[in-house]
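Participant: Take this structure first; my questions come after.
The values are calculated or read from the model by the stated rules, or taken from the named source; none is laboratory data. All of these numbers come straight from a predicted model, not from anything done at the bench. Cβ placement follows ideal geometry from the backbone for every residue including glycine, while neighbour counts extend to all protein chains displayed.
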Amino acid sequence: MEKTALTRTSLFQAHIAAGGKMVSYAGFEMPVTYAGLVEEHHAVRNDCGMFDVSHMGEFRIKGREALSLIQWISSNDASTLVPGKVQYSCMPNGQGGIVDDLLVYCISNEEYMLVVNASNRQKDWDWIQANNQWDASVTDESNAWSLIALQGPNAGTYLRPLCPDIPVEEMKYYTFIQGTVCGKDCLISATGYTGAGGFELYVRNDDAPSIWSALIEAGVPPCGLGARDTLRLEAGFCLYGNDLNDGTSPLSAGLGWITKFTKNFVDRDRLLKEKEEGSTQILRGLIPTERGIPRKDYLIENAAEEVIGIITSGTSSPTLGHGIALGFIDQAHAKIGETVYIRIRKNAIPAKVQRPGFLTK
């Protein structure tokens, strides 16, 4: 049987030139690391690094009733958005689970951009089309855009010289500006998925290599998907396919803050009932109190060695120097501060239950 060819982003040759170790991810050939995961992780957490995340999907929704469509398919209240604002949301699937988590960009009162996960692009497209009962057009622009995530506390210092007319360091979290970077049209978004601050740069494919090269010349190291995963896990951010899926309730996953019952949307009544009765399992952070690295799909047990949950994401935190994890735990054992046990091969390693997010604010 022939293997399906992997899609390459507009920055593929730049990754090869920089020594990127390429892997298959969501149908794309992407760099997992360059100099090394830990080195890249520390660069982002302490200074600045950049990621090629051009595999993400971008849908444009336009029309008189564009907002009505977004309000129906998404759990958050997009009516609070004004042009230049971004919102994190999710799409309930009508069965208590999640189609995808996404970002909603308000371009104007009749134009929005949805940024979705690469692995869910076709599924998201089909879902939105099936639910579009309004005067709103939906266009898949994913193949036209490249996306560079410039992340870290000093990201603004590196970006500012490339767009001197835009006060990027004054931009508020979850806002965006349409301007130019290196003289190329760019949507500059004060967003990211590392917990380190920074910007995401949406540019046309032909313009991405020159901007990437300019950032390299400015001293920004390229980083791979490996560091992106450890950074988001330290921040307690969910990853679709690990911590979220078609069977995961947004309330169970700790996304009640983006589930607004002040409007009607897919699964509203079902989720309202769950809110009133309580979720059977809750996504929690876990910190082992003995040596051991928790990994995805490891079982969580109580003191009687009964299975009470499962790890959805786990790693050794480069910043903290010990294991961290996210996992769903039965409600009766999900109290903050409770001790549970992670089954790591033959050993049951004690771990403290906490809210997701492991870094000191």
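Participant: Filter region 345-358 down to residues that are surrounded by 14 or more Cβ atoms within 10 Å (Cβ to Cβ) and either touching a Cys at 6+ places or on another chain (Cβ under 9 Å) or modelled with pLDDT under 95 (or both), then give me how many there are.
Facilitator: 1
Participant: From the list VAL116, VAL104, VAL86, which one is buried (at least 23 other Cβ atoms within 10 Å of the Cβ), aliphatic (A, V, I, L, M) and touching a residue at least 12 places away in the same chain (Cβ under 8 Å)?
Facilitator: After ruling out the rest, the residue left standing is VAL116.
Participant: To continue, here is another question. Suppose we filter ASP47, ASP77 for residues that are within 30 Å of ASP269 (Cα to Cα) and either acidic (Asp, Glu) or touching a His at 6+ places or on another chain (Cβ under 8 Å) (or both); which single one remains?
Facilitator: Residue meeting the stated conditions: ASP77.
Participant: Would you pick out the residues in region 1-36 that are free of Cβ contacts under 8 Å to residues at least 40 places away in the same chain and in a strand (DSSP E or B)?
Facilitator: The answer is MET22, SER24, GLU29.
Participant: Something else now. Quickly run through region 247-259 and pick out the residues that are out of contact with any helix residue (DSSP H, G or I) (no Cβ under 9 Å at 6 or more places or on another chain) and surrounded by fewer than 19 Cβ atoms within 10 Å (Cβ to Cβ).
Facilitator: The answer is GLY247, TRP257, ILE258.
Participant: Can you name every residue in region 9-24 that is surrounded by fewer than 16 Cβ atoms within 10 Å (Cβ to Cβ) and under 24 Å from the mean Cα position of the chain (by Cα)?
Facilitator: Once the filter is applied, which keeps residues that are surrounded by fewer than 16 Cβ atoms within 10 Å (Cβ to Cβ) and under 24 Å from the mean Cα position of the chain (by Cα), region 9-24 yields LYS21, VAL23, SER24.
Participant: Can you find a residue that is in contact with a helix residue (DSSP H, G or I) (Cβ under 8 Å, 6 or more places away or on another chain), among the aromatic types (Phe, Trp, Tyr) and farther than 29 Å from ALA218 by Cβ anywhere in region 53-70?
Facilitator: Among the residues of region 53-70, at least one is in contact with a helix residue (DSSP H, G or I) (Cβ under 8 Å, 6 or more places away or on another chain), among the aromatic types (Phe, Trp, Tyr) and farther than 29 Å from ALA218 by Cβ, which makes the answer yes.
Participant: For region 260-280, which residues satisfy the criterion of being surrounded by 20 or more Cβ atoms within 10 Å (Cβ to Cβ) and not in a loop (DSSP other than H, G, I, E, B)?
Facilitator: LEU271
Participant: Collect the residues in region 285-340 that are among the hydrophobic types (A, V, I, L, M, F, W, C), farther than 24 Å from GLY195 by Cβ and surrounded by fewer than 19 Cβ atoms within 10 Å (Cβ to Cβ), keeping them in residue-number order.
Facilitator: LEU299, ALA303, ALA304, VAL307, ALA332
Participant: Just to verify a result, which residue in region 291-307, among those that are at positive phi and in contact (Cβ under 8 Å) with a residue 40 or more places away in the chain, is farthest from the chain's Cα centre (by Cα)?
Facilitator: The initial filter retains those residues of region 291-307 that are at positive phi, namely 292, 297, 305.
Narrowing the set further to residues that are in contact (Cβ under 8 Å) with a residue 40 or more places away in the chain leaves 292, 305.
Values: GLY292: 26, GLU305: 33 Å.
Restricting to residues being at positive phi and in contact (Cβ under 8 Å) with a residue 40 or more places away in the chain, the top hit is GLU305.
Participant: Please state which of the following conditions ILE70 fails to meet, knowing it meets all the rest: (1) farther than 25 Å from GLN129 by Cα; (2) of a type in the set (Val, Ile, Thr); (3) free of Cβ contacts under 8 Å to residues at least 60 places away in the same chain.
Facilitator: Result: ILE70 passes all but (1).
Participant: Considering each of ASP165, ASP135 in turn, give the residue that is assigned by TED's automatic domain parsing to the domain that holds TYR25, over 24 Å from ALA235 (Cβ atoms) and either surrounded by fewer than 18 Cβ atoms within 10 Å (Cβ to Cβ) or among the β-branched types (Val, Ile, Thr) (or both). I'd like the intermediate steps shown before the answer.
Facilitator: On the way: ASP135 fails: assigned by TED's automatic domain parsing to the domain that holds TYR25.
So the residue among ASP165, ASP135 that is assigned by TED's automatic domain parsing to the domain that holds TYR25, over 24 Å from ALA235 (Cβ atoms) and either surrounded by fewer than 18 Cβ atoms within 10 Å (Cβ to Cβ) or among the β-branched types (Val, Ile, Thr) (or both) is ASP165.
Participant: Can you pull out the residues in region 225-259 that are hydroxyl-bearing (Ser, Thr, Tyr), part of a loop (DSSP other than H, G, I, E, B) and touching an Asp or Glu at 6+ places or on another chain (Cβ under 8 Å)? Steps first, answer last, please.
Facilitator: So the first thing to find is which residues in region 225-259 are hydroxyl-bearing (Ser, Thr, Tyr), and the list is 230, 240, 248-249, 252, 259.
If we keep only those that are part of a loop (DSSP other than H, G, I, E, B) as well, we get 248-249, 252, 259.
Within region 225-259, SER249, SER252 qualify.
Participant: Quick check on my filter: what residues within region 52-101 are of a type outside the set (D, E, K, R) and under 30 Å from ALA18 (Cα atoms)?
Facilitator: Answer for region 52-101, where residues must be of a type outside the set (D, E, K, R) and under 30 Å from ALA18 (Cα atoms): VAL53, SER54, HIS55, MET56, GLY57.
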